[in-house]
Amino acid sequence: MIAEKNKFFFYLLFIFLAAVIVRFLYFPNNVYFSFDQARDSFTSLEVLKGDFKLIGPPSFLSNKIFPGPLIYYIYAPIYFIFDKNPEAASAIFRIWNALGVFLVFSIGSILFNKRVGIIAAIFFAFSYEQSQYSLFLSHQPLAVITVLLFYLGLSLLIFQKKSLGMVLTATGLGLSIQFHYGFIFLLPILIIYSIIFRKKIGFINIRWLLLSFIIFLLTISTFILTEIKYRFFSSLIFQSSTKTHFFSGLYLKETLSTANRFLHDSFFTNYQFTPLVGIVLIIITIYLFYKRQNRERIVFLIVWFVFGLSLYILSGVSSYYYSPATSVSLLLLISYSIDKIFSSGKILLGLFLIVAIVANNLFSIVSINPHGLNSDMVIQPEMTTSSQKKVLDYIYNEAGGKPFAVGALTIPFRINATWSYLFEWYGIKRYGYLPLWTGPAASGYAGNLEVINARSKLPEKQFIIIEPTVGIPEIDKENFFREEGYFTKLTEERKFGILTVQLRQPY
């Protein structure tokens with residue numbers, strides 16, 4: 001028995017190391033850093049100064065609901081230890097995501113057996129989708145681990161009747177909501193499981209239940225304090241004038257598109273064949289369900305997947321943000337199917353399927369991950385610190401140690417938070433001084449560069465940084481360059497990845 005445990009421990013350790021390696025491919029060249037990352041980084045630095053936060057980052061869905069502030073308290077010690085370096089934060093986030101290997105193995109082992117757990121852990125380790133989450137320096141992707149913790153707790157509670165499962169479920173639920181309020185939809189999923197498996201969880205101990213409830217309240221305590229102070233949720237519910245994307249209809253097309261993306265990212269990198277993959281998965285699910293053996297476990301995975309899509313059905317948003325662990329249910333289903341193939345003696349077929357799925361994911365990883373996040377994850381792919389540092393190196397070298405001014409065509413428009421953070425982290429550390437910022441710049445946003453609106457007060461050396469302009473109205477771009485042309489003329493233009501830098505000379 002001890003030898004068996006050691007064997008699986010070493011298997012799992014090897015898989016975890018492989019997951020870490022996959023997530024660190026192309027690091028630090030593919031560290032994504034844009035406005036959202038700069039905004040949250042500045043806020044985390046405020047936390048380090050003692051300005052504690054109860055409200056998390058802004059949300060585009062509503063001006064009344066915000067994620068929890070936990071992300072700031074994760075960034076803060078990282079920036080304290082590593083001198084404000086976002087690449088260090090990205091490294092830690094990649095390791096955090098790789099830890100999912102252990103949770104996926106545990107869930108697979110509880111639902112079926114350790115061999116299923118190992119196969120599922122391999123798929124998670126080499127998952128293209130998960131590698132993309134690991135590259136995303138933001139709060140939503142951190143929920144991969146907490147959502148898996150939620151399902152691990154449920155599997156322990158339902159199938160092994162362990163009261164500890166309640167504590168893990170409550171912890172995973174509360175922390176997931178901290179990372180994004182949308183994960184409150186895990187609560188209805190919990191209720192659905194409680195109804196379906198009510199006979200299996202009838203043993204619940206009141207003390208464990210009370211402990212779980214206390215832990216849940218602690219993990220969402222910032223929301224409770226915020227509601228007491230600002231009445232965000234109550235005003236959203238009772239003010240009919242409030243507009244939100246949620247509950248305005250059912251978005252079935254967008255939901256099917258998201259499910260199709262799961263199949264593409266997990267099993268086959270060609271959208272022409274994903275409907276066929278989907279049909280095969282449905283047939284496999286129906287077959288396993290009617291075989292009766294492990295039927296309850298198949299139901300567990302079906303509920304996980306179907307109700308994991310609930311945020312897409314209600315919001316119509318098709319991004320990766322709300323499904324950081326939904327597709328893991330598919331990985332577990334396929335792993336169980338492959339284990340059945342092994343059990344039937346068709347070893348080569350089972351190995352072929354594992355290799356084919358891993359190869360599919362590796363193909364996507366080596367094709368897309370060198371450039372950072374894909375266009376479904378962010379609106380400005382390839383905004384990486386490697387290109388940004390080259391931009392700053394070029395600017396400082398051209399300035400030759402003399403004062404200079406910088407302006408930028410940015411997303412969001414006229415907001416300099418991204419470049420202010422980069423100059424304050426990388427520029428001043430390497431070159432010892434900061435530029436002036438060519439106004440106008442929108443007020444009320446983070447950043448400490450001095451903004452000069454009077455062109456006559458700017459130094460001779462002036463630069464314009466041009467970000468990818470996707471999302472900027474054409475009229476705004478035309479006005480930006482027309483106004484700049486009133487004061488300066490272009491003398492040199494250089495490209496660094498998708499970023500462009502113009503050296504400009506005053507007339």
It is to be established whether one or more residues within region 17-30 are at pLDDT below 95 and in a helix (DSSP H, G or I). no
Restricting region 187-200 to residues that are in contact (Cβ under 8 Å) with a residue 40 or more places away in the chain and assigned to a loop (DSSP other than H, G, I, E, B), which is surrounded by the fewest Cβ atoms within 10 Å (Cβ to Cβ)? 200
So, restricting to helices (runs of 4 or more DSSP H) that lie completely within region 408-497, which ones have at least 2 residues that are under 22 Å from residue 42 (Cβ atoms)? 417-422, 428-431
Just to be sure I understand, how many residues within region 386-407 are more than 29 Å from the chain's Cα centre (by Cα) and either surrounded by fewer than 19 Cβ atoms within 10 Å (Cβ to Cβ) or part of a helix (DSSP H, G or I) (or both)? 11
Considering only region 469-507, state which residues are closer than 17 Å to residue 387 by Cβ, among the charged types (D, E, K, R) and touching a Leu at 6+ places or on another chain (Cβ under 9 Å). 493, 494
Could you pull out the residue among 345, 308, 316 that is closer than 30 Å to residue 468 by Cβ and either of a type outside the set (S, T, N, Q) or crowded, with 20+ Cβ neighbours inside 10 Å (or both)? 316
Number of the condition not met by residue 83 [criteria: (1) on the phi > 0 side of the Ramachandran plot; (2) of a type outside the set (A, V, I, L, M); (3) in contact with a strand residue (DSSP E or B) (Cβ under 7 Å, 6 or more places away or on another chain)]: (3)
With respect to residue 69, determine if the residue is over 15 Å from the mean Cα position of the chain (by Cα), in the same structural domain as residue 300 (by TED's automatic domain parsing) and touching a residue at least 40 places away in the same chain (Cβ under 8 Å). yes
One residue from 184, 122 being out of contact with any Leu (no Cβ under 7 Å at 6 or more places or on another chain), without any contact (Cβ under 8 Å) to a residue 12 or more places away in the chain and among the β-branched types (Val, Ile, Thr): 184
Mind checking which pairs have a first residue in region 201-226 that is over 30 Å from residue 296 (Cα atoms) and in the same structural domain as residue 168 (by TED's automatic domain parsing) and a second that is part of a helix (DSSP H, G or I) and at pLDDT 90 or above, Cβ under 6 Å, 6 or more apart or different chains? 219/174; 219/175; 220/174; 220/177
Within region 30-64, work out how many residues are within 18 Å of the chain's Cα centre (by Cα) and surrounded by fewer than 18 Cβ atoms within 10 Å (Cβ to Cβ). 4
Residue within region 259-269 that is assigned to a helix (DSSP H, G or I), buried (at least 19 other Cβ atoms within 10 Å of the Cβ) and of a type in the set (Phe, Trp, Tyr) present: yes
May I ask you to list the residues in region 284-317 that are in contact with a helix residue (DSSP H, G or I) (Cβ under 6 Å, 6 or more places away or on another chain), modelled with pLDDT under 85 and part of a helix (DSSP H, G or I)? 310, 311, 312, 313
Does residue 323 satisfy the condition of being assigned by TED's automatic domain parsing to the domain that holds residue 152, touching a Phe, Trp or Tyr at 6+ places or on another chain (Cβ under 8 Å) and at pLDDT 90 or above? no
Selected residue (criterion: farthest from residue 335 (Cα to Cα)) from residues of region 276-293 that are exposed (fewer than 14 other Cβ atoms within 10 Å of the Cβ) and of a type in the set (Ser, Thr, Tyr): 290
Residues that are among the charged types (D, E, K, R) and surrounded by 24 or more Cβ atoms within 10 Å (Cβ to Cβ), drawn from region 98-123: none
Any residue in region 30-47 that's within 17 Å of residue 497 (Cβ to Cβ): show its pairings with residues that are of a type in the set (D, E, K, R) at Cβ separation under 6 Å, as long as the two are six or more apart or on different chains. 31/87
Please verify whether residue 84 is buried (at least 16 other Cβ atoms within 10 Å of the Cβ) and without any contact (Cβ under 8 Å) to a residue 24 or more places away in the chain, treating the condition exactly as stated. no
Residues 78, 95: which one is without any contact (Cβ under 8 Å) to a residue 40 or more places away in the chain and surrounded by fewer than 23 Cβ atoms within 10 Å (Cβ to Cβ)? 78
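The values are calculated or read from the model by the stated rules, or taken from the named source; none is laboratory data. Nothing here was measured: the structure is a model prediction, and the numbers come from that model. Backbone-built Cβ (ideal geometry, glycine too); neighbour counts: all protein chains shown.
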